[in-house]
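Q: There's a structure below that I have some questions on.
No lab work stands behind these numbers, since they all come straight from the coordinates. Model, not experiment: these values are computed from the prediction. No Cβ is skipped: glycine too gets one built from the backbone with ideal geometry, and neighbour counts run over all protein chains shown.
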Amino acid sequence: MSAALPNGFRFSAATSAFQVEGARTADGRGRSIWDDFLERPGAIKDGSTADPACDSYRHPEADVSLAAGLGLDRYRFSIQWARVQPEGRGPANGTALDHYSRVVDALLDAGVTPLPTLYHWELPSAVEEDGGWLERDTASRFAEYADLVAERLGDRVRHWYTLNEPAMTTLQGYATGALAPGRQLLFGALPTVHHQLLAHARAAEVLRAHGSSHVGLVNNHTWVLPLHDTPEDHAAAHAYDIIHNRVFSEPLLGGGYPDLAALGLPDMPMLPGDLELIGGSVDFYGINFYNPTTVTVAAPGEPIPFDIVPTPGVPVTGFGPEWPIMPEALRDLLVDLRRRHPQLPPVIIGENGASFPEPDRAGRVEDADRIDYLAGHLSAVAEAIAQGVPVEEYTVWSLLDNWEWADGYTQRFGLVHVDFETGERTPKASYDWYRDVIARHRAEISR
Ligand code: IFM
């Protein structure tokens, strides 16, 4: 690594509930938008249903022991809202909370700090039927859900992510329809930005009232590059940067919304006091980073002013040109974020990782390409820290191969191979590599 990671730097790995748990109808769980979406013909590439996935609901101890075996400081997992409130409102399902309580205890017993995410994309269907994230009331319902979870787990859990990747919910869930709930509203999706930020801020208040000290949101950030060095492509890149990154980060980090009118977009559906509540509502800012995005100006008359195109001259992951590999883009976006926000709170890389074509059947995988990807991005983090960006933690996506949303089981991101027929888990070469990185870092700082 070209720059060192500082003393106290933390290492983590992540999963999310819908992607690993399976057991979609167990213990009175309600339906979520992903149960609805996966039933649409053709919505999921391989026609799979996320059940049993990794069967983690029935066997959480297998994941806890893999997390502990890595020597992680924290394990990022998520809680399904529709397990806790099957109808998206009303009293908690105690059996579901018992389950998550056991996961928390098992992690603590194994010496790993639990870092739950309250919402990793699976909105209860009943909430979507009432308008979902297009409705302001969803923010209040989310805060009620947060209260029920904190009431049960808050004696042991002090660190939380509220929402995962609100940008993907807006862009792919409500604007293009590539992910659940599959709505295609284009810029009509913009109110979902504000309602998610409001939901985060209200839940953060609730979690702090339960004694939590470390509450943040984690968003997907990309580093936007113009295809050509022309004013038109720079303008397209600027517009995409606002829509993907800055419309979320700026209000959260205290600057209010970027100038949407300058892009011909409507204002956010704000009420007095909203911006004050959202601004500064994070104790840390979480960034999920996978790839840069190259854009060019759209043809005249197109409803969207930018086209996303392959990034020239770089290698790609299992997704092909859609997911180019450029570790220095992570460094550049971190340094740029700090330049824009000199008072940036601590930053956590909440996800980083890559899928590559790998066998389905159980067996050791020598995933040198994943090790290169992770090592390159960890170096980029170290370089950003050396330039003054307060990054405190790095998280690999994912601990396990799992159900990759609309791509089903066709993309494997895990440090651990999962045979989805048998449930067998086999650590890959990248698991051993990450365990050694963590151990070496601890040995260096204790010297
Ligand atoms: O699997 C997803 C995860 O749920 C959210 N962030 C990106 C990952 C890879 O696509």
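Q: If Lys and Arg each add +1 and Asp and Glu each add -1, what is the summed charge of the other residues whose beta carbon sits under 15 Å from the beta carbon of Pro269?
A: Values: positive: Arg136; negative: Glu135, Asp137, Asp267, Asp274.
The answer is -3.
Q: Rounded if a/c is under 1.5, else prolate if a/b is larger than b/c, else oblate: which is the stretch 288-447, with a ≥ b ≥ c the root eigenvalues of its Cα gyration tensor?
A: Values: a/c = 2.28, a/b = 1.11, b/c = 2.05.
Cα axes put the stretch 288-447 in the oblate bin.
Q: Here's something else I'd like to know. Modelling each spin label as a point 7 Å along the Cα-to-Cβ direction, I'd like the Thr230/Glu392 distance in nm, to one decimal.
A: So the two model labels end up 4.6 nm from each other.
Q: log₁₀ I(q)/I(0) of the stretch 3-56 at q = 0.32 Å⁻¹, via Debye over equal Cα point scatterers, no solvent, to two decimals?
A: -1.29
Q: If you take the square roots of the eigenvalues of the alpha-carbon gyration tensor of the stretch 59-145 and sort them as a ≥ b ≥ c, do you get rounded (a/c under 1.5), prolate (a/b over b/c) or oblate? Mind showing how you got there, number by number?
A: Values: a/c = 3.06, a/b = 2.24, b/c = 1.36.
Cα axes put the stretch 59-145 in the prolate bin.
Q: Report, in order of residue number, the helices in the chain meeting two criteria: a C-alpha extent of 18 Å or more along the helix axis, and a mean Kyte-Doolittle hydropathy of at least -0.5; treat each whole DSSP H run as one helix.
A: Sorted by number, the helices that extend far enough and score high enough are 94-109, 137-153, 191-209, 368-386.
Q: Quick one: net charge around Val295, please, counting Lys, Arg +1 and Asp, Glu -1 for every other residue with C-beta under 12 Å from its C-beta. Provide the component values of the computation, followed by the final result.
A: Details: positive: none; negative: Glu232, Asp233, Asp241, Asp307.
After counting each charged neighbour, the total is -4.
Q: Could you work out the equivalent-ellipsoid semi-axes for the stretch 137-276, taking the square root of 5 times each eigenvalue of the Cα gyration tensor, largest first, in whole Å? Mind showing how you got there, number by number?
A: Numbers: eigenvalues 184, 47, 43 Å².
Result for the stretch 137-276: semi-axes of 30, 15, 15 Å.
Q: Here's something else I'd like to know. With a ≥ b ≥ c the root eigenvalues of the C-alpha gyration tensor of the chain, is it rounded (a/c under 1.5), prolate (a/b larger than b/c) or oblate?
A: Details: a/c = 1.26, a/b = 1.08, b/c = 1.17.
It comes out rounded by the Cα gyration axes.
Q: Rounded to whole Hz and in sequence order, give me ³J(HN,Hα) for the stretch 354-366 from the Karplus expression 6.51 cos²θ - 1.76 cosθ + 1.60, θ = phi - 60°, writing x for Gly and Pro.
A: Couplings: 8, 9, 9, x, 9, x, 7, 6, 4, x, 5, 10, 8 Hz.
Q: In addition: Scan around Glu424 for amide H atoms under 5 Å from its own, H built in the peptide plane at 1.01 Å from N, and keep only partners 5 or more places away or cross-chain.
A: Counting only residues 5 or more places away or on other chains, the set is Asp419.
Q: Shifting gears a bit: Would you tally the net charge around Trp121, using a Cβ to Cβ cut-off of less than 15 Å, leaving Trp121 out, and scoring K and R as +1, D and E as -1?
A: Numbers: positive: Arg24, Arg31, Arg76, Arg83, Arg183; negative: Glu21, Asp35, Asp36, Glu122, Glu128, Glu165, Glu351, Glu404, Asp407.
Neighbour charge sum, excluding Trp121 itself: -4.
Q: Which ordering of Phe420, Phe306, Phe319 is given by a fewest-first count of other beta-carbon atoms within 10 Å? Intermediate results must be reported in sequence, preceding the final value.
A: Details: Phe420 21, Phe306 24, Phe319 17.
Placing the least packed residue first, the sequence is Phe319, Phe420, Phe306.
Q: Turning to a different aspect of this structure: Once Rh is set to the Kirkwood radius over Cα pairs, what Stokes-Einstein translational diffusion coefficient, in µm²/s, holds for the stretch 227-329 at a temperature of 10 °C and a viscosity of 1.306 mPa s?
A: My calculation gives 101 µm²/s for D.
Q: If you don't mind, another one. Per the helix-only calculation at 222 nm, which mean residue ellipticity applies to the chain, given -39500 (n - 2.57) for every DSSP H run of n ≥ 4 and division by its residues, nearest 500 deg cm²/dmol?
A: Numbers: 14 runs with 155 residues, N = 447.
That calculation yields -10500 deg cm²/dmol at 222 nm.
Q: Okay, moving on. Starting from the alpha-carbon convex hull of the stretch 296-342, give the projected area averaged over all orientations, in nm².
A: Numbers: hull surface 19.7 nm².
One quarter of the hull surface, i.e. the mean projection, equals 4.9 nm².
Q: Under a plain spin-label model, where a point goes 7 Å from the Cα along Cα-to-Cβ, how far apart in nm are Glu322 and Ser213?
A: Placing both labels 7 Å along Cα→Cβ, they lie 4.2 nm apart.
Q: At most 13 other Cβ atoms within 10 Å and a DSSP loop assignment: could you name the GluC sites (Glu not before Pro) in the stretch 7-68 that fit? Walk me through the numbers before you get to the answer.
A: On the way: sites: Glu21, Glu39, Glu61; in loops: Glu21, Glu39.
When the GluC sites (Glu not before Pro) of the stretch 7-68 are filtered for loop state and at most 13 Cβ neighbours within 10 Å, Glu39 remain.
Q: Could I ask something else about it? What is the packing order of peptides 352-364, 184-196, 403-415, taking the mean over residues of other C-beta atoms within 10 Å and listing the highest first? Write down the numbers at each step before the final one.
A: Details: 352-364: 16.4, 184-196: 19.2, 403-415: 22.5.
Top of the packing list down: 403-415, 184-196, 352-364.
Q: Continuing with this model, one more query. Given the alpha-carbon gyration tensor of the stretch 346-411, what are the semi-axes of its equivalent ellipsoid in whole angstrom, ordered largest first, with each equal to the square root of 5 times an eigenvalue?
A: On the way: eigenvalues 153, 38, 14 Å².
With the √(5λ) rule applied to the stretch 346-411, the semi-axes are 28, 14, 8 Å.
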